[in-house]
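First comes the structure, then the notes that go with it.
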Amino acid sequence: MSRDASLFSKRKRANAFGLTFSMAAMSIGMLFLFWILAILLYKGFSAISPALFLANTPAPGTEGGGLANPIVGSLMIVSFCTLISTPIGILA
C-alpha cells in the first residue's frame, strides 16, 4: 500500500505543478490580450462612426474612406456560398 500511496502522491504533485504552470501561462497570455484590446479600444474608438461602415474604400494615397466595399463583398460571398451549399446539404 505504501508504494501506491507514494505513486499517488507523486502524481498529485506533478498534477498540481502542471496545473499551476498552465494557469500562470494562461494568466500572462490573458493579461497581454486584454492590454492590447484596451489600447486598441482607447486609441481606436474615436475613429468608429457610421461613415466608417457606409463610405466606399478610397483610392490608394488618399485619406479617409470606409469599409463598404469589403462588407458588401463579404455579404455577396456568403450569400453565393449559401445558395450553393444549402441544396447540396439538404440533398446529401
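Taken together, the values in this text are just the output of simple stated rules run on the coordinates, not laboratory data. This structure is a prediction, so every number in the text was calculated from the model and none was measured. Counting neighbours? That spans all protein chains shown, and the Cβs are built from the backbone with ideal geometry, glycine included.
Here, region 49-92 is characterised by an Rg to Rh ratio of 1.28, where Rg is the alpha-carbon radius of gyration and Rh the Kirkwood radius. Packing here is the average count of other Cβ atoms within 10 Å per residue, and on that basis the peptides 71-77, 41-47, highest first, run 71-77, 41-47. The long axis of helix 68-91 is offset from the longest Cα principal axis of the chain by roughly 70 degrees. Structural size metrics of the chain, computed from C-alpha coordinates, are Rg and Dmax of 26.3, 78 Å.
Helix 2-44 axis versus longest C-alpha principal axis of the chain: approximately 20°, rounded to the nearest ten. Extents of region 1-46, taken as max minus min of Cα coordinates on every principal axis and listed largest first, are 67, 8, 5 Å.
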